[in-house]
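For reference, the structure discussed in these notes is given below.
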């Protein structure tokens, strides 16, 4: 009953957002995007959901990204057109969008500015309409500068809004911030990222991420029931993310070890990437006496994941398989807690997705501004496994705490949908155009 009430409140909050009027034509430039080849982290989720949210309100959206080299170069679905750039390079770099990164950046800087200005901005300006060009992350900084330069040569600079958005601090040593500030408005996804930019002498506007409003209904009931049956009532933690020190994997492993030493037979289901840091994570697990059991398969059948989890018995279950969204959200909701406990998190989209699915998010204390400690989430201030273990022990000892956090989390996500984010974007664009015109 609490979950239904929370979901209703979240939907009501989302419905109260006033209509948004944004430029009719939007171009989003990002290395990450909707393909598995380009869906590496939170940026891929952001770009995919942002494009659909813009399309849903009537914008005509071009998503230009480093897509799967085996897929169509151009694909249109409704108001959203996917443009897979640099496929000729990606064909020689099959790992993911960042494979062959320097070659792709050079290709983007040489080929994209003329396409954006001549094929998107110019025709839209001829129809007396404006364009929004949104460049994501450091790989597109040089592209933004080149777009600005070419548009001025073409006499089109006043016909579009150009934004460069910071999702992370990666690659900033390659960015000419002085040139970028002259070319584009600079935005950030959180106050934390705004602070990081300020440390480089770069002022910015905060426009938060959102989540798909369709997630407000929570995890699929049938899959959730199957997942709960597979977990069989055993205390279960989940951690999904790149194997990177910033993700506080060692804290998660140490916390699990502390729980076992306290007599709590908890297990942790993990899904990482192929990064070499994973070897160090599992080495720490063995040092702490935690066996690692691996489950792997090809394809995207979520039922195989559930069957594998049901058979697994080790304290750490390493999923080496693709997790589709429905199965992932069922896992989030069925687990006792989802460890999104990053030590350095620009925004923390996973935490919101966990809340929307009906789960309990464990967050860090950087960019996750939506997280209220012990109200709608567990928040760790340190990277000490003992801190996390202390909070998890309290959660296991008193299930009512978890029930309240799940309910509060479901209410929270209603204030963080893309409808809210687009409303903020509209207001910020009004300011940007006034200042940079």
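The values are calculated or read from the model by the stated rules, or taken from the named source; none is laboratory data. Note that the coordinates shown come from a computational prediction; the quantities given were computed from them, not determined experimentally. In this analysis, Cβ positions are derived from the backbone assuming ideal geometry, glycine residues included, and neighbour counts consider all displayed protein chains.
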>> Every residue in segment 181-215 that is surrounded by fewer than 21 Cβ atoms within 10 Å (Cβ to Cβ), assigned to a helix (DSSP H, G or I) and touching a helix residue (DSSP H, G or I) at 6+ places or on another chain (Cβ under 8 Å), please.
In response: 182, 215
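Of these, 156, 134, 54, 82, which one is touching a helix residue (DSSP H, G or I) at 6+ places or on another chain (Cβ under 6 Å) and surrounded by 16 or more Cβ atoms within 10 Å (Cβ to Cβ)? Outline the logic, then answer.
Details: 134 fails: touching a helix residue (DSSP H, G or I) at 6+ places or on another chain (Cβ under 6 Å); 54 fails: touching a helix residue (DSSP H, G or I) at 6+ places or on another chain (Cβ under 6 Å); 82 fails: touching a helix residue (DSSP H, G or I) at 6+ places or on another chain (Cβ under 6 Å).
Just one listed residue meets the conditions, 156.
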>> So if I check each of 201, 218, which one is at pLDDT 95 or above and more than 17 Å from residue 136 (Cα to Cα)?
In response: 201
> Can you name the helices (runs of 4 or more DSSP H) wholly within segment 371-437 that have at least 2 residues being touching a residue at least 24 places away in the same chain (Cβ under 8 Å), within 22 Å of the chain's Cα centre (by Cα) and farther than 24 Å from residue 253 by Cα?
Replying inline: 399-413, 418-436
> Hey, which of the strands (runs of 3 or more DSSP E) in segment 273-342, taking only ones fully inside, have at least 1 residues that are farther than 25 Å from residue 358 by Cα, in contact with a strand residue (DSSP E or B) (Cβ under 7 Å, 6 or more places away or on another chain) and at pLDDT below 95?
Replying inline: 292-296
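Quick test for you: out of 377, 421, 408, pick the one residue that is within 19 Å of residue 350 (Cβ to Cβ) and assigned by TED's automatic domain parsing to the domain that holds residue 45.
Result: 421 is the single residue among 377, 421, 408 that is within 19 Å of residue 350 (Cβ to Cβ) and assigned by TED's automatic domain parsing to the domain that holds residue 45.
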> Does residue 11 satisfy the condition of being modelled with pLDDT under 60, outside the structural domain of residue 243 (by TED's automatic domain parsing) and not in a loop (DSSP other than H, G, I, E, B)?
Replying inline: yes
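Residue 228: touching a residue at least 60 places away in the same chain (Cβ under 8 Å) and assigned to a strand (DSSP E or B), yes or no? Explain how you work it out, then say what you get.
Working: touching a residue at least 60 places away in the same chain (Cβ under 8 Å): yes; assigned to a strand (DSSP E or B): no.
In short, no.
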>> Just checking, does segment 371-385 include any residue being within 27 Å of residue 207 (Cα to Cα), surrounded by fewer than 23 Cβ atoms within 10 Å (Cβ to Cβ) and in contact with a helix residue (DSSP H, G or I) (Cβ under 6 Å, 6 or more places away or on another chain)?
In response: yes
